[in-house]
Amino acid sequence: MLLSLAWLREFTPYEGTPQQLADRLTMLGLEIEEIKNPFEEIASVVVGKVLTCEAHPDSDHLSCCTVDVGGEAPLPIVCGAPNVAAGQHVPVATVGVTLPGGLHIKKSKIRGQVSEGMICSESELGLAEERSGGIMVLPESATVGWSLPDALGLDTCVLDVSITPNRADCLSVLGIAREVAMAFDLPLTLPEVSYPESGPDAATQVAIEIEDAEQCPVYRAKLLTGVAVGPSPERIRWRLLAIGQRPISNIVDATNYVLFELGQPLHAFDRAKLAGNTVKVRNAAEGEKLTTLDGQERLLTARDLLICDAEKPVALAGVMGGENSEMGSDSTEVLLECAVFRPGAIRKTARRLSLPSEASYRFERGVDQVGSVYAMHRAVSLMLETAGGTVLPGEAVAEPHPYTPRGIGFRPARASLLLGEEMPEDFCRKTLTALGCKLTDTDPSGTMAVTPPSYRLDLEREADLIEEVGRVYGLDRIAPKLPRVSKSLDDAAPETEFGFWARLRAYAVGFGLREAVNYSFVGHGDLDLLCLDAACRVSVANPLSEDQNVMRPMLAPGLLGAVRHNLAQGNAHLRLFEVARIFTADVASDSTAREAGRMGIALHGARHPEAWPWPKDVEAGYADIKGLVEGLLAHFHLPEPTFSRVEDQPWLAPQVDVTCGPVRLGLIGQVTPEVADAFHARSPLWIAELDIDALRVLVDAQKTVFAPLPGFPPVRRDITLAVPAGVTVGAVLAAIRTAKAPIFENVVLIDAYEPEGEAERRLTFRITYRHLEKTLKDKEVDKVHEALAKAVLAALPVTRP
């Protein structure tokens with residue numbers, strides 16, 4: 001919203017600088033985006049006095065003038081306007097000035113006569129849209145040599161205020177003036193409104209009918225007769241121009257002036273064009289049409305709200321008037337509408353028709369039902385002042401839903417708690433009172449009853465009032481402070497499913513995986529490609545497409561689709577995971593489907609990013625995805641899993657089952673080349689899918705155990721074994737652990753080498769020994785280490801190379 005500083009000062013006597021005002025309003029939540037001068041382009045235009053005016057010797061329509069602009073000597077200026085005359089005070093653009101239209105004034109010769117400037121019209125100065133055919137003549141009181149904006153008293157300081165959707169009360173000069181008066185402890189003064197009335201009572205001349213009270217809580221109308229439609233006075237026209245509004249006529253300008261001054265949209269109908277002395281507020285019939293003021297015919301629906309006379313619609317309620325009832329130059333009677341409409345109805349109509357207006361912008365956010373009465377009288381006063389005429393006494397009104405004040409309980413102690421800063425009760429009372437609220441005394445429980453003003457529609461609950469107190473106190477003054485949190489280990493609540501899934505996601509992200517979020521729907525074609533049993537599928541009755549006609553029975557189809565999409569975008573280094581639910585058919589279930597939680601992992605491309613110093617041409621493999629699964633189980637402090645080869649999924653080769661104790665957790669496998677090619681994979685594609693419901697059962701069964709830290713250093717020994725192809729690493733690890741060496745602590749595989757042309761692998765294991773009560777000597781460790789090696793050699797068909 002554009003706010004004129006001079007207009008603001010008519011409501012409250014603010015004497016500070018524009019920047020100080022901008023800073024304070026910004027900290028109050030009304031951010032100032034820009035401070036500008038709307039008439040900056042004519043700031044160099046000065047007031048001149050025409051000393052002489054003679055006909056041009058070589059033209060029958062040009063005049064040769066000498067103009068005093070306050071300089072050392074008068075300027076010769078050739079002017080083509082028919083109304084130029086000696087003795088006039090006029091706006092002059094001197095040499096070097098650029099006018100709003102882009103015209104740059106230069107010293108020139110016009111038909112042989114020197115011209116050192118230009119006498120301007122209103123349209124050339126950007127003060128009128130239509131060319132008038134003559135220059136602008138200023139009052140004789142205008143001082144020669146003054147800047148034109150100063151001479152006209154134009155509003156040269158305008159603030160562009162960003163209003164949040166909840167602050168509908170600040171979409172007016174009055175609304176922001178309330179904030180300024182409160183912030184700087186200044187008085188607030190509203191324009192006085194009084195005017196004579198005569199003739200029959202308006203309520204007897206026009207009947208108001210509202211079909212749906214929810215759509216229109218109140219509709220008022222004032223009647224004026226004998227008005228003379230014409231241009232508005234300059235002070236109103238200049239002020240509207242300053243805030244970017246086009247002056248139209250004295251009647252329409254009065255409604256626009258009040259719209260920006262008080263925030264109440266109004267509309268002026270030509271009463272002579274209204275049939276039947278009746279105004280009806282009703283919903284449109286489906287397919288009904290109305291031509292609006294912009295000349296466009298609008299096709300309406302039953303959700304659109306109309307203003308109608310006894311025969312026809314005459315306006316789109318809250319959005320735009322109708323062409324068939326607009327004020328014209330020959331209009332003499334006015335029906336001034338002042339109403340309140342349901343915000344949702346106006347918003348839907350304006351959006352559907354792509355017909356935003358200043359009126360709909362305010363109605364969409366809510367207007368002050370109580371304050372609308374004053375706004376109506378203010379507009380009537382301006383119309384009488386600028387267009388003359390007579391006002392009929394009283395008003396035609398229908399108010400099926402009178403405004404009901406809201407009572408809100410407010411606790412200063414609660415405000416201090418939520419804001420994290422002490423808010424004394426006196427400060428809270430002063431602030432809320434300055435905001436226009438009415439307060440009662442605090443009861444024994446520390447609660448006061450607060451009644452917000454009718455214009456603060458956003459104040460609905462205690463938290464809103466606390467926000468206001470904090471806003472006025474200054475949110476920038478509240479020091480950041482972490483809340484105090486106390487938690488008992490004895491009474492710890494069990495972890496929720498959401499919390500457990502969040503931990504899974506945190507683990508995956510921490511290991512460098514990127515989360516994929518896929519639809520719960522897949523296609524039967526993708527499941528057929530994976531040879532998944534049709535009996536477990538849950539088909540969708542009304543699918544969005546053939547690619548989404550079945551609920552996913554596993555995460556693999558969605559992850560494979562994500563791989564295909566990334567490869568199509570040129571991203572081949574993929575580390576994806578997904579934590580979601582799967583759906584399988586279950587006739588015993590009420591919904592005929594059973595849901596289960598799953599975690600899927602997909603690896604494709606190089607093992608490391610394709611950048612220095614990482615080695616190139618090393619692709620991710622089984623060890624990478626197996627390590628991720630092992631790391632997940634270790635993260636939750638579960639026993640080491642067992643990996644065993646199986647062949648029950650034809651789209652995976654090889655396939656490995658993952659078990660932890662007696663519980664089968666899922667599978668790991670490489671997607672077969674045929675299936676991988678269908679998803680455009682260019683290198684080995686590895687998939688893992690884990691049952692996180694079973695995983696959570698294991699995690700919940702874990703017991704927290706505390707043990708002392710080792711007090712003595714470890715000793716490590718390496719052993720290399722020649723292992724035939726039929727012996728797994730897991731078997732060797734199990735043999736080492738079951739050897740029951742007295743000081744054995746741990747064993748890990750640190751290297752694997754496959755000599756070219758040999759069937760045996762060379763596996764190197766690092767074994768850690770530690771004594772709990774003393775420091776080990778080499779002889780003690782060597783003795784135990786050799787005994788452990790002999791036990792492994794005896795248990796497995798392996799040798800020491």
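Read the figures in this text as sums done on the coordinates, not as results from a lab. Source: prediction; values computed, not measured. Reconstructed Cβ throughout: ideal geometry from the backbone, glycine too, with neighbour counts over all protein chains shown.
Points to keep in mind about this one:
- DSSP beta bridge pairing in the chain, given as percent antiparallel to the nearest 5: 95
- Restricting the stretch 397-453 to GluC sites (Glu not before Pro) that sit in a DSSP loop and have at most 13 other Cβ atoms within 10 Å of their own Cβ leaves GLU422.
- Once the Cα-Cα distance is subtracted from the 0.36 nm per residue extended length, the LYS740 to LYS790 segment shows a gain of 16.8 nm.
- Counting other Cβ atoms within 10 Å as a rough exposure proxy, the listed residues ASP590, ASP458 run ASP590, ASP458 from fewest neighbours to most.
- Overall Cα dimensions of the stretch 408-477 - principal axes, largest extent first, Å: 29, 28, 18
- Whole-angstrom gap from the stretch 25-81 to the stretch 202-239, using each part's C-alpha centre: 39
- Note on the stretch 202-398: the alpha carbon radius of gyration divided by the globular reference 2.2 N^0.38 Å gives 0.94.
- Rel. contact order, % - alpha carbon contacts under 8 angstrom, at least six apart, the chain: 8
- As a proxy for reagent exposure, ranking ARG362, ARG477 by other Cβ atoms within 10 Å from fewest up yields ARG477, ARG362.
- Taking GLU462, GLU197 and counting other C-beta atoms within 10 Å, the order from fewest to most: GLU197, GLU462
- Annotation: amide H-H contacts under 5 Å for GLU619 (H modelled 1.01 Å from N, sequence separation of 5 or more, or interchain): ARG607.
- Label assignment, Cα extents along the principal axes in Å derived from the structure, set (1) 89, 67, 45; (2) 125, 73, 59; (3) 85, 79, 70: (2)
- For GLU674 and GLU234, the difference between the fully extended length at 0.36 nm per residue and the C-alpha to C-alpha distance is 150.3 nm.
- Inter-label distance for HIS637 and TRP612, nm, one decimal - labels placed 7 Å from Cα along Cα-to-Cβ: 4.5
- With the simple spin-label model, which puts each label point 7 Å out from Cα in the Cβ direction, the ARG111 to LEU419 separation comes to 7.4 nm.
- The spacing between the stretch 107-130 and the stretch 410-478, judged by their C-alpha centroids, is 59 Å.
- Computed extension gain for ALA568 through PHE511, at 0.36 nm per residue and net of the alpha carbon distance, reaches 18.0 nm.
- Residues SER545 and GLU31, FRET efficiency given R0 of 41 Å [Cβ-Cβ distance, rounded to 0.05]: 0.40
- Formal net charge of residues neighbouring PHE577 (Cβ-Cβ distance under 14 Å; K, R +1; D, E -1): +1
- Using the Cβ of ASN549 as centre and a radius below 14 Å, the other residues enclosed give a net charge of -2, where K and R count +1 and D and E count -1.
- Against the compact-protein benchmark of 2.2 N^0.38 Å, the Cα-based radius of gyration of the stretch 40-152 scales to 0.97.
- Distances between placed amide hydrogens fall under 5 Å for ARG298 paired with LEU290, THR291, THR292, all partners being 5 or more residues away or on another chain.
- Inter-centroid distance (Cα atoms) of the stretch 648-716 relative to the stretch 285-305, Å: 63
- Rg and Dmax over the alpha-carbon atoms of the stretch 715-795 stand at 13.4, 48 Å.
- Summed side-chain charge close to SER123 - residues other than SER123 whose Cβ falls under 12 Å, Lys, Arg +1, Asp, Glu -1: -3
- Point-to-point label distance, SER329-GLU495, nm (Cα→Cβ direction, 7 Å offset): 8.1
- Taking 20 °C and 1.002 mPa s as conditions, the stretch 669-775 diffuses translationally at an estimated 117 µm²/s according to Stokes-Einstein applied to its Kirkwood radius (Cα pairs).
- Amide H contacts of VAL340 (H built 1.01 Å from N, under 5 Å, at least 5 apart or other chain): VAL218
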